[in-house]
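Okay, structure first, notes after.
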Amino acid sequence: MESRDRPSSSRRPSKRVRITATLPHIPDEIILEILCLLPVKSLMRFKCDSKSWREMISDPDFEKKQLAVAARDSGEVYNSRLIMHYPSMKLKSCPLSCLFYEPVGHSVNHEYPGSELGVMNEIIGSYNGLVCFCIRDTENDIIFVWNPSTREFRRLPPISFMQCFHLVAYGFGYDSIADDYKVTRVGCYCIGRYYEYQVRVFSLRGNVWRKIENFPCYLFTDEPGIHVNGSINFGGVGDSENYYWSVVGLDLASESYRMVPLPDCADPNVKPMIMALGGRFCTIFDNDEAVDVWVMEQYGVKKSWNKLVTVPYFPDPMTVDCTKPVFFLRDGAILMEFYGLLVLYNIDRDESTIPTIYGTRHCHEVEVYLETIVSPNAYYRLQAGHQNGGIGRQA
C-alpha cells in the first residue's frame, strides 16, 4: 500500500506586503506659521538639521515674521528674559516667567562677546532681541550689538574717545522708517567755562559713524538714553541761566531733537528719572515711602501721562532708593529694581516679595530682552571708505 506524502510541517514563508503611506503635503505657509511659534533654541537646532530649513529660517521675511509674533506677545513674560550685569564682569540671565509664576528661578551664565578685551562698562539698551553694550578701555569705547538668543554679534567700528570729554552718553534704538538699528553717542567736553557737544550716530545698515546736529541741552549725566517710539531720550538742563531739568528726544529717523513734556507733578529742579516700560515712556517719583510710576500713553503728548501704580517701599533694611520699574504684567504685578535688588509687587494683594533666583545676588544693572532671531549682521555691507568693525557668532 502506497503511503501518501504527508504535508510538510514547516510553512512556507508568507510574502510581506509593503504598504506605502503618502504623507499629506504641508504648505510652506503652514510650516512658517508653526516655526514662528517655536522657541529660538529650537529654530537654531533646526537650522543645523536641514539645508532647506536653514534657508527658510535664515530668510529675512521669516525673521520679521518671527519678530512680529514675539513682539505681539511682549506683554507676556514667556518670550522674554532678564539679563543681569554684575561688577565682577559676569553676565547672567533667567526666564522672566520664573519671577512671576514660579517659586524659584535659575540663572545661567552668559559669555558675552569681547569679554577678553576688557570689563563691560554698561548695557546701553535692548530692542527687538538685540542688546547693545559698551566695553571701555583707556583709548576708546568698544561697542557691541549682540543677540544673546542666537549668539550673533556685531562689533562696531572704533570711534575716537577724546580725553577732554567730560562725559559720554550712549543710546540704542530702531528707526522704523529706514528699517535700521542705530547707536547714538553724545559727548560733552569742557572748553574753558563752556560745554561743547559732539553727537554721532552709527547706522547698522550704513556701517559708519556720522556727525549730526549738536545736542540742544546741557547734559549732566552719562546714563544711557531711553529708546521709546523711535526716539532716544535724555535728561538735560534746558537753560544755563534758568536751571531746570527737561527731557530731550532724538528722533532716529529725522535725526532731529524735540522736547518731551513731563507730568505736571514733576519738579523742574530735580533730575527726572526716565525709562521705558512695555514700550511706553515712563518716569517715577520717589516720596521716601512709596514710588509713583507714571507712563505716557501717547509719546510726546503731555495730556496722555497717567499714573500707573504706586509701589510702597519693601520693608527690608537692604532696600534702598528705587532705580526703575523693570516689567509690568497685565495680570496686575510689576517687577521693580532697587539698585540691584529685584522686588515683585502684586497690585491686587498689595504685597511685595523678593523673588528667589539661584546663582544671583545684587547686580549692577538689569535689562529685559525679547527672544528673537533678529540678526545684528543682516544689514552688514563692506563699503569703500568705511571703517570695518567685526561680525561673528559665539561658539
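Applying the criterion of being of a type in the set (Gly, Ala, Ser) and either open to solvent by 40 Å² or more (accessible area, probe 1.4 Å) or within 28 Å of ARG154 (Cβ to Cβ) (or both) to the residues of segment 350-378, the residue that is modelled with the lowest pLDDT is GLY359. Looking only at segment 98-120, residues that are surrounded by 17 or more Cβ atoms within 10 Å (Cβ to Cβ) and either assigned to a strand (DSSP E or B) or among the polar types (S, T, N, Q) (or both) come to 3 in all.
The numbered conditions (1) of a type in the set (Gly, Ala, Ser); (2) at pLDDT below 80; (3) open to solvent by less than 100 Å² (accessible area, probe 1.4 Å) are all true for SER52 except (2). When ASP267, ASP251 are screened for being open to solvent by 30 Å² or more (accessible area, probe 1.4 Å) and modelled with pLDDT of 95 or more, only ASP251 passes.
Residue count for segment 191-209, restricted to those that are in a strand (DSSP E or B) and surrounded by fewer than 12 Cβ atoms within 10 Å (Cβ to Cβ): 2.
Per the conditions (1) open to solvent by 50 Å² or more (accessible area, probe 1.4 Å); (2) under 20 Å from GLY225 (Cβ atoms); (3) at pLDDT 90 or above, the sole criterion not satisfied by LYS303 is (2). With respect to (1) out of contact with any helix residue (DSSP H, G or I) (no Cβ under 8 Å at 6 or more places or on another chain); (2) open to solvent by 10 Å² or more (accessible area, probe 1.4 Å); (3) farther than 21 Å from PRO376 by Cβ, the lone exception for ALA169 is condition (2).
I'd like to know if segment 320-328 contains one or more residues that are in contact with a Pro (Cβ under 8 Å, 6 or more places away or on another chain), assigned to a loop (DSSP other than H, G, I, E, B), open to solvent by 40 Å² or more (accessible area, probe 1.4 Å) and modelled with pLDDT under 90. Scanning segment 320-328, I find no residue that is in contact with a Pro (Cβ under 8 Å, 6 or more places away or on another chain), assigned to a loop (DSSP other than H, G, I, E, B), open to solvent by 40 Å² or more (accessible area, probe 1.4 Å) and modelled with pLDDT under 90, so the answer is no.
Of the residues making up segment 110-150, those that are under 21 Å from PHE234 (Cβ atoms) and small (Gly, Ala, Ser) are GLY125, SER126.
Checked against the criterion of being modelled with pLDDT of 95 or more and among the aliphatic types (A, V, I, L, M), the candidates VAL186, VAL199, VAL131 yield just one match: VAL131.
Within segment 212-219, can one find any residue that is crowded, with 16+ Cβ neighbours inside 10 Å, outside any loop (DSSP other than H, G, I, E, B), modelled with pLDDT of 85 or more and among the hydrophobic types (A, V, I, L, M, F, W, C)? There is no residue in segment 212-219 that is crowded, with 16+ Cβ neighbours inside 10 Å, outside any loop (DSSP other than H, G, I, E, B), modelled with pLDDT of 85 or more and among the hydrophobic types (A, V, I, L, M, F, W, C). Considering ILE142, ILE177, ILE123, the condition of being assigned to a strand (DSSP E or B), of a type in the set (Val, Ile, Thr) and over 30 Å from TYR244 (Cα atoms) is satisfied by ILE142 alone. Could you tell me whether SER176 is more than 20 Å from TYR257 (Cα to Cα) and out of contact with any strand residue (DSSP E or B) (no Cβ under 6 Å at 6 or more places or on another chain)? Considered against the rule, which asks whether it is more than 20 Å from TYR257 (Cα to Cα) and out of contact with any strand residue (DSSP E or B) (no Cβ under 6 Å at 6 or more places or on another chain), SER176 comes out as no. State whether one or more residues within segment 271-293 are more than 27 Å from ASP180 (Cβ to Cβ), open to solvent by less than 60 Å² (accessible area, probe 1.4 Å) and touching an Asp or Glu at 6+ places or on another chain (Cβ under 7 Å). Within segment 271-293 (the criterion being more than 27 Å from ASP180 (Cβ to Cβ), open to solvent by less than 60 Å² (accessible area, probe 1.4 Å) and touching an Asp or Glu at 6+ places or on another chain (Cβ under 7 Å)), the answer is yes, since at least one residue qualifies.
The values are calculated or read from the model by the stated rules, or taken from the named source; none is laboratory data. Fair warning: this is a prediction, and the values are worked out from it, not measured in the lab. Glycine also receives a Cβ, built like all others from the backbone with ideal geometry; neighbour counts cover every protein chain displayed. With ligands, DNA and RNA removed, areas are computed over all heavy atoms of the protein, side chains included. Shrake-Rupley method; radii C 1.70, N 1.55, O 1.52, S 1.80 Å.
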